[in-house]
Amino acid sequence: MNKDEHWMQHALKLAGFAEHNGEVPVGAVVVQNDMVIAEGWNQPISTHDATAHAEIVALRKAGYTMSNYRLPDTTLYVTLEPCVMCIGALIHARVGRLVYAASEPKTGAIESAFQLCDSDKHNHRIEIVGGVLADESSEMLKRFFKKRRNDKKGLKTKNSLFKYIPE
């Protein structure tokens, strides 16, 4: 197992925390000099905060740890291709490297829905590696959404049994 796979395994464990708490299972870890600086997992539902994506949570903690919002010479590992908001935060934080697992066809901002890092308008370039342990991450996400759909179907069926029909 190489370093990227090692740290992605760590991010996948963090994604498990998100899943356990009813959040979309995405985990992120910020690493510098082969040491964890900060970590995070999705928390928008539990915190009622649309910005509480795993990447943002990890970046906030890393900024606090480093006493600086600029995080050069760091690598952020995340289990899902970042969205537009998260790419913007990574660029502003000057993260040196991004490694992600699964692609996100609907909102991914690296290669899928958008290609924001390809713009020459940014004043910072991030080295990007995608697809590290993508199958593991994809399977976790598929299981989560399948369970969520099944739970919703069960709730609809249960609610329909008790539906009041006036005479």
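The values are calculated or read from the model by the stated rules, or taken from the named source; none is laboratory data. Quick caveat: nothing in here was measured; it's all calculated off a predicted structure. Glycine also receives a Cβ, built like all others from the backbone with ideal geometry; neighbour counts cover every protein chain displayed. To get the accessible areas, we keep the full protein, side chains included, count just its heavy atoms, and leave off ligands, DNA and RNA. Shrake-Rupley method; radii C 1.70, N 1.55, O 1.52, S 1.80 Å.
A few comments on the model shown:
- For the residues A58, A28, A89, a GNM of the chain with alpha-carbon springs under 10 Å puts the largest fluctuation on A89.
- Coarse-grained scattering of the stretch 43-142 at q = 0.17, 0.18, 0.20 Å⁻¹, given as base-10 log I(q)/I(0) from a Debye sum over alpha-carbon atoms: -0.76, -0.86, -1.05
- With all protein chains modelled, accessible area of D151 [1.4 Å, Å²]: 80 Å²
- Solvent exposure of the chain as accessible area per residue, Å², 1.4 Å probe: 59 Å²
- Once the chymotrypsin sites (Phe, Trp or Tyr not before Pro) in DSSP loops with at most 16 neighbouring Cβ atoms within 10 Å are cut out of the chain, the longest remaining piece is 1-68.
- Percent carbon-and-sulfur accessible area, the chain, ignoring ligands, DNA and RNA, probe 1.4 Å: 55 percent
- Filtered trypsin sites (Lys or Arg not before Pro), the stretch 114-153: DSSP coil and at most 13 other beta carbons within 10 Å: K121, R125
- Of K106/K147; K3/K152; K121/K147; K3/K106, pairs whose Cα-Cα distance is over 31 Å: K3/K152; K121/K147
- Loop sites in the stretch 28-74: trypsin sites (Lys or Arg not before Pro), DSSP, at most 14 other Cβ within 10 Å: R70
- Listed by chain and number, the aspartates and glutamates whose alpha-carbon sits under 15 Å from that of K146, ignoring those within fewer than 8 places in the same chain, are E19, E23.
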